[in-house]
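Here's the structure we're looking at; comments come further down.
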Amino acid sequence: MNSYGSFAYFYDELTENVEYEKRCEYFHSLLADNGVGEGILLDLACGTGSLSFLFEKKGYDVVAVDSSEDMLCVAQEKKAENGSDVIFLCQKMQELDLFGTIDAAICSLDSLNHITDEEDFKEALRKVALFMNDGGVFVFDVNTPYKHEKILADNTFVYDFDRVYCVWQNTFFKESCLTQVNLDIFEADEDEEDVYIRTSEQFSERGYPLEKIKQWLSDFRFEVLGVFEEMTRNDVKEDSQRAVFVCKKHGTQFI
């Protein structure tokens with residue numbers, strides 16, 4: 001995974017259409033409806049902490065983990081501004097190592113797709129299971145193989161904001177269902193008018209068959225309670241772009 005660099009400092013601006021408050025309400029309802037409405041919550045791949053702070057306001061004790069130092073620098077600045085008690089840790093998902101157990105976990109905005117090695121993906125699920133209490137609930141979303149092949153594909157997307165201009169170019173590899181993303185970020189120079197500073201970032205995402213993910217979850221004693229189309233309680237369809245998994249952990253040990 002990439003540390004994101006300059007992208008981290010414009011991440012919130014470039015993802016303003018995410019509607020974090022609505023996403024928090026949705027994830028919180030999935031947790032609460034399945035028995036967990038408080039306690040210690042892990043925000044896995046937390047980015048700049050936008051959801052972490054919202055879940056803290058819901059009454060959870062939040063531990064937030066991300067592998068990007070740049071993202072966490074932004075999160076720490078927001079923590080200081082908000083007077084927050086969220087604990088931020090710099091760790092890869094597949095190398096998760098917490099101080100104690102958790103009651104709930106979330107992983108949003110296709111973060112797990114950024115793990116492009118199948119064994120690492122499974123290890124990330126195993127790590128969440130390792131630290132989750134019996135009866136704990138894990139809610140996460142993934143981009144579907146359909147989205148990778150038909151929507152992301154070999155397409156180019158352009159984001160134009162006041163302070164930044166971003167060109168997002170994809171290269172899709174059908175055999176592995178892997179999408180390579182190249183970002184060119186043009187930041188307005190504060191000192192010179194009509195001058196932009198260009199930086200580039202690169203990362204990849206991989207689409208995993210949903211049935212495979214279900215099996216891996218089962219291997220680590222997660223019961224899959226539902227797989228929904230994003231922001232709904234509707235079943236996933238063939239052309240769904242993002243799938244939301246709701247899973248409950250059974251037992252305190254696993255194979």
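Just so you know, all these numbers are worked out from the coordinates, no wet-lab data involved. Nothing here was measured: the structure is a model prediction, and the numbers come from that model. Cβ atoms come from the backbone with ideal geometry, glycine included; neighbour counts cover every protein chain shown.
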Go through [x] 20.7, 67; [y] 16.9, 51; [z] 18.1, 61 and flag the label whose value is the computed Rg and Dmax of the Cα atoms in Å for this structure.
[z]
Between region 145-162 and region 179-255, the Cα center-to-center distance that results, in Å
14 Å
Summed residue charge, Cβ within 13 Å of S68's Cβ, Lys/Arg positive, Asp/Glu negative:
-3
For the chain, what are the DSSP H helices with axial Cα length of 18 Å or more and mean Kyte-Doolittle hydropathy of at least -1.0?
69-82, 118-131
Just want to confirm a number: the relative contact order over the chain, from Cα pairs under 8 angstrom separated by 6+ residues, in percent.
19 percent
Along the positive direction of the dipole of region 147-206 (beta-carbon charges: Lys, Arg +1; Asp, Glu -1; about the Cα centre), which of Q169, S204, N182 reaches farthest?
S204
Suppose each label sits 7 Å from its Cα in the direction of the beta carbon; what would the D239-K174 distance come out to in nanometres?
2.0 nm
Neighbour counts of other C-beta atoms within 10 Å: give me C24, C247 arranged from fewest to most.
C24, C247
Report, ordered by chain and residue number, the lysines lying within cross-link reach of K57, taken as a straight Cα distance under 30 Å and ignoring same-chain residues fewer than 8 apart.
K22, K78, K79, K92, K127, K248, K249
What is the order of K147, K92, fewest Cβ neighbours within 10 Å to most?
K92, K147
Only Lys, Arg (+1) and Asp, Glu (-1) charged, at Cβ; region 15-108 dipole about Cα centre in debye:
100 debye
Modelled label reach - T252, point 7 Å along Cα→Cβ, region 112-144 residues with backbone N closer than 12 Å
132-135
Assuming a ≥ b ≥ c are the square roots of the Cα gyration tensor eigenvalues, decide whether region 147-206 counts as rounded (a/c under 1.5), prolate (otherwise, with a/b larger than b/c) or oblate.
prolate
State to the nearest 20 debye the size of the charge dipole of region 123-255 about its Cα centre, where the only charges are +1 on K and R beta carbons and -1 on D and E beta carbons.
1360 debye
Summing Lys, Arg as +1 and Asp, Glu as -1, what charge do residues with Cβ under 9 Å from the Cβ of V244 carry, V244 excluded?
-2
Neighbour cut-off at most 12 other Cβ (10 Å), DSSP loop, chymotrypsin sites (Phe, Trp or Tyr not before Pro), region 158-255:
F161
